[in-house]
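Structure first, then comments.
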Amino acid sequence: MRNPPPLKLGILGSGRGSNFIAISDAIRARQLHATVSLVISDLADAPILSLARARGYRTWACPAGRFKTKLEPDLEAQLAAQLRAADIDLVILAGYMRVVKTPLLAAFPRRIINIHPSLLPAFPGLQAWAQALAAGATVSGCTVHYVNEILDGGDIIAQARVPVLPGDTPETLHTRIQAEEHWLLPAVVGRFAAGKSA
Ligand code: GAR
């Protein structure tokens, strides 16, 4: 039987891009049968874009528009059109810090996943690691889930647990959560690449 073609990924991020790097590294190491077809940021100066360019990937900076927390519908439609034109199989939100709305959701039904730094449904929203610490949680972690119209509310695909240690600061806890993100997200993408329902 012939191997299936590599899964074409569209990766969206607003920040450092360490989860994007983890996916790219897994592809380079031939642990993940996928290709990064397009990297998009809503912030033109986000490190994820320069990292992607340095690795030779195609990038696009989406106009940011008037709001910080969401794209206006016409801008999100432009973003969806970029992904469609690149024939993307799976859209990955890797530190993309805006709520996703109908234009993108309708263009990629059940083909958008997100990595979130808590054990959802606990601590949706911003700085989930700091929320967990402030709430006195003894365990936190990260979640990969399908994206729907509810913030961090789509069906959960996979989770990894991280203990909260005495003396943890938001930074130390986030660092350990990210270490888990960096294997969990490529592993989930690998399930899509293998054609298994995630
Ligand atoms: C990650 O920890 C990710 O879980 C989080 O942003 C960070 C991005 O890091 N995402 C969210 O909080 C989304 N609600 P990265 O840019 O280094 O991949």
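Here is the figure for the range 140-168: residues that are without any contact (Cβ under 8 Å) to a residue 24 or more places away in the chain and out of contact with any strand residue (DSSP E or B) (no Cβ under 6 Å at 6 or more places or on another chain) total 4. When the range 106-158 is limited to residues that are among the polar types (S, T, N, Q) and out of contact with any Asp or Glu (no Cβ under 9 Å at 6 or more places or on another chain), the one that is farthest from PRO73 (Cα to Cα) turns out to be THR138. For the range 114-124, filtered to residues that are within 14 Å of the chain's Cα centre (by Cα) and more than 6 Å from the ligand (Cβ to nearest atom), the residue that is farthest from VAL189 (Cα to Cα) is SER118. Looking only at the range 35-49, decide whether some residue is of a type in the set (A, V, I, L, M), surrounded by 16 or more Cβ atoms within 10 Å (Cβ to Cβ), under 22 Å from ALA158 (Cα atoms) and within 14 Å of the chain's Cα centre (by Cα). Yes, the range 35-49 contains at least one residue that is of a type in the set (A, V, I, L, M), surrounded by 16 or more Cβ atoms within 10 Å (Cβ to Cβ), under 22 Å from ALA158 (Cα atoms) and within 14 Å of the chain's Cα centre (by Cα).
Under 24 Å from GLU180 (Cβ atoms) and among the aliphatic types (A, V, I, L, M): is that true of ILE92 in this structure? Criteria met by ILE92. Of note, ARG53 does not satisfy the criterion of being surrounded by fewer than 19 Cβ atoms within 10 Å (Cβ to Cβ), in contact (Cβ under 8 Å) with a residue 12 or more places away in the chain and under 18 Å from LEU9 (Cα atoms).
Against the criterion of being away from the ligand (no atom under 15 Å from the Cβ), farther than 26 Å from ILE150 by Cβ, part of a helix (DSSP H, G or I) and among the aliphatic types (A, V, I, L, M), ILE27 qualifies. Selection within the range 79-101: residues that are more than 22 Å from PHE67 (Cβ to Cβ) and touching a Ser or Thr at 6+ places or on another chain (Cβ under 9 Å). The member of this set that is nearest to the ligand (Cβ to nearest atom) is ILE88. Of all residues in the range 46-80, exactly one satisfies the criterion of being touching a Gly at 6+ places or on another chain (Cβ under 9 Å), in a loop (DSSP other than H, G, I, E, B) and of a type outside the set (A, V, I, L, M, F, W, C), namely GLU72. Is at least one residue of the range 41-64 touching a helix residue (DSSP H, G or I) at 6+ places or on another chain (Cβ under 7 Å) and modelled with pLDDT under 95? The answer is yes, given that some residue of the range 41-64 is touching a helix residue (DSSP H, G or I) at 6+ places or on another chain (Cβ under 7 Å) and modelled with pLDDT under 95. How about the range 125-168: which of its residues are loosely packed, with under 15 Cβ neighbours inside 10 Å, in a loop (DSSP other than H, G, I, E, B) and over 20 Å from the mean Cα position of the chain (by Cα)? Those that are loosely packed, with under 15 Cβ neighbours inside 10 Å, in a loop (DSSP other than H, G, I, E, B) and over 20 Å from the mean Cα position of the chain (by Cα): ALA135, GLY136, THR138, LEU165, PRO166, GLY167.
Right, LEU43: part of a helix (DSSP H, G or I), free of Cβ contacts under 8 Å to residues at least 40 places away in the same chain and within 16 Å of the ligand (Cβ to nearest atom) or not? In short, no.
Scanning the range 72-99 for residues that are over 24 Å from ILE157 (Cβ atoms) and surrounded by 15 or more Cβ atoms within 10 Å (Cβ to Cβ) yields a total of 5. I need the full set of residues from the range 85-117 which are part of a loop (DSSP other than H, G, I, E, B) and among the aliphatic types (A, V, I, L, M), in order please. Scanning the range 85-117 gives ALA86, ILE88, ALA94, MET97, VAL100.
The values are calculated or read from the model by the stated rules, or taken from the named source; none is laboratory data. What you see is a predicted model; the values in this text were computed from it and never measured. No Cβ is skipped: glycine too gets one built from the backbone with ideal geometry, and neighbour counts run over all protein chains shown.
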